[in-house]
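Q: Quick one: the structure is below, questions incoming.
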Amino acid sequence: MKRLFIFITLTLMSLTMYATGQEGDIIYIDGEQWELLGKPIYADSVLSRELKNALPKERGINTANWAGYTAYWSIQQEKLYLDSIRYVIYDSAQKSRTECLPSKAMRCIFKKYASRKRIVATWFNNEIRVAKGKQLYYVHEGYTRNYEHERVISIEQGKVCGTKDYQNYVVDGFSFDKYRPNNKAELREKFPLHIEQYPELADVKRILFNIKRARVDAQGNLVECEVKVFRPNDNPRLAAEMAEAMKAYRPWRVMFINGEYRAYGIEGYTIPYNLEK
């Protein structure tokens, strides 16, 4: 029972931690600064705990950085190095200053991973995603965002074993996340439905459609989507008609992200379709 309680507590803490957008670490590659969208130290629970214990309790912690630190990394000779860990300290007058974790504390925490006075991230076996340029997409949760330039780097025991570069872009078009109706008839004009064929909707003033599994192509066509009627009740025939009306409309917003066309701002939304004149 105690173990179950601990597991649930840690899970809830993790969910809370990533319920807001998080600041990334910083990494230098070939002299260029990138944002590292993640915290590689989290990959080792022992390191994370020891680092947390070593960091000053009076450091600044906020909803965008629950860890209360920013790690600085670099890739050299195809190895991932941890160079420093920095945090913000506030004095009694709420003035801030940035400090580095002392080298003695760094050597103590990461002594297993020190090589020639440098820390090699040999505990890390996964991909890291680094980014720079204009932000194209953002969700207020964890590291769910995308930038113009991204690089996905595969790391095995601290060594680079693969790299993929992406040039991301957005082609403007209609999407529900940017949609702000000017009048109740606007969606009916964009997506006309034969409501008269559904006598069960005679007294209904608003329909809620939920959009899932949407897919767009490079020209802004909605080539696939799954629609469900949430209210007044499930109606597969009406849902299918809405799906066809959405596919007939163009252009939709196109996001080319990390080699894929994605329907951000379309799927996962519940849309109020007003029937009032």
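The values are calculated or read from the model by the stated rules, or taken from the named source; none is laboratory data. These figures come from a predicted structure and were not determined experimentally. So basically every Cβ, Gly included, is an ideal-geometry build from the backbone, and we count neighbours across all protein chains shown. Just the protein is used for accessible areas: all its heavy atoms, side chains included, with ligands, DNA and RNA removed. Shrake-Rupley method; radii C 1.70, N 1.55, O 1.52, S 1.80 Å.
Q: Hey, can you tell me all the residues within the stretch 92-130 that are on the phi < 0 side of the Ramachandran plot and among the charged types (D, E, K, R)?
A: Lys95, Arg97, Glu99, Lys104, Arg107, Lys111, Lys112, Arg118, Glu127, Arg129
Q: Could you please find all residues in the stretch 33-67 being within 23 Å of the chain's Cα centre (by Cα) and in contact (Cβ under 8 Å) with a residue 60 or more places away in the chain?
A: Gln33, Trp34, Glu35, Leu36, Leu37, Gly38, Pro40, Ala43, Asp44
Q: What number goes with the only condition from (1) within 17 Å of Ala43 (Cα to Cα); (2) in a strand (DSSP E or B) that Lys112 does not pass?
A: Answer for Lys112: the failing condition is (2).
Q: Looking at Ser92, Ser84, which is the one that is over 23 Å from Ser154 (Cβ atoms) and modelled with pLDDT of 95 or more? Walk me through it before giving the result.
A: Numbers: Ser92 fails: modelled with pLDDT of 95 or more.
When all the criteria are applied, what remains is Ser84.
Q: I need the full set of residues from the stretch 218-267 which are under 29 Å from Tyr169 (Cβ atoms), open to solvent by 50 Å² or more (accessible area, probe 1.4 Å) and either touching a Gly at 6+ places or on another chain (Cβ under 9 Å) or among the acidic types (Asp, Glu) (or both), in order please.
A: Matches in the stretch 218-267: Glu224, Glu226, Glu244, Arg250, Pro251, Glu260, Glu267.
The rows are residues; the columns are (1) surrounded by fewer than 18 Cβ atoms within 10 Å (Cβ to Cβ); (2) at pLDDT 95 or above.
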residue: Leu12; (1), (2): yes, no
residue: Leu15; (1), (2): yes, no
residue: Ala19; (1), (2): yes, no
residue: Lys39; (1), (2): no, yes
residue: Ala43; (1), (2): yes, yes
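Q: Test Arg129 against the stated conditions and say whether it is in contact with a Cys (Cβ under 9 Å, 6 or more places away or on another chain) and of a type in the set (Lys, Arg). Step through it out loud before you land on a result.
A: Details: in contact with a Cys (Cβ under 9 Å, 6 or more places away or on another chain): no; of a type in the set (Lys, Arg): yes.
Criteria not met by Arg129.
Q: Those residues that are closer than 15 Å to Val216 by Cβ and in contact with a strand residue (DSSP E or B) (Cβ under 9 Å, 6 or more places away or on another chain), I need them from the stretch 259-277; list them, please. Break it down into steps so the answer makes sense when it comes.
A: Start the filter on the stretch 259-277 by keeping residues that are closer than 15 Å to Val216 by Cβ, which leaves 259-269.
Of everything in the stretch 259-277, those that are closer than 15 Å to Val216 by Cβ and in contact with a strand residue (DSSP E or B) (Cβ under 9 Å, 6 or more places away or on another chain) turn out to be Gly259, Tyr261, Arg262, Ala263, Tyr264, Gly265, Ile266, Glu267, Gly268, Tyr269.
Q: Tell me, which residue of the stretch 176-191 that is over 15 Å from Trp252 (Cβ atoms) and assigned to a loop (DSSP other than H, G, I, E, B) is most open to solvent (accessible area, probe 1.4 Å)?
A: Arg180
Q: Let me ask something else about it. If we scan the stretch 193-208, do we find a residue that is in contact (Cβ under 8 Å) with a residue 40 or more places away in the chain, out of contact with any Phe, Trp or Tyr (no Cβ under 8 Å at 6 or more places or on another chain), hydrophobic (A, V, I, L, M, F, W, C) and not in a loop (DSSP other than H, G, I, E, B)?
A: Within the stretch 193-208, one or more residues are in contact (Cβ under 8 Å) with a residue 40 or more places away in the chain, out of contact with any Phe, Trp or Tyr (no Cβ under 8 Å at 6 or more places or on another chain), hydrophobic (A, V, I, L, M, F, W, C) and not in a loop (DSSP other than H, G, I, E, B).
Q: Another question about this same structure. Quick check: anything in the stretch 88-98 open to solvent by less than 60 Å² (accessible area, probe 1.4 Å) and under 13 Å from Lys39 (Cβ atoms)?
A: So far as the stretch 88-98 goes, no, none of its residues is open to solvent by less than 60 Å² (accessible area, probe 1.4 Å) and under 13 Å from Lys39 (Cβ atoms).
Q: I would also like to ask the following. Give, as residue ranges, the strands (runs of 3 or more DSSP E) completely inside the stretch 210-271 that count at least 1 residues that are touching a helix residue (DSSP H, G or I) at 6+ places or on another chain (Cβ under 8 Å), among the charged types (D, E, K, R) and within 25 Å of Tyr198 (Cα to Cα). Step through it out loud before you land on a result.
A: Details: elements: 222-231, 254-257, 260-262.
Output list reads 222-231.
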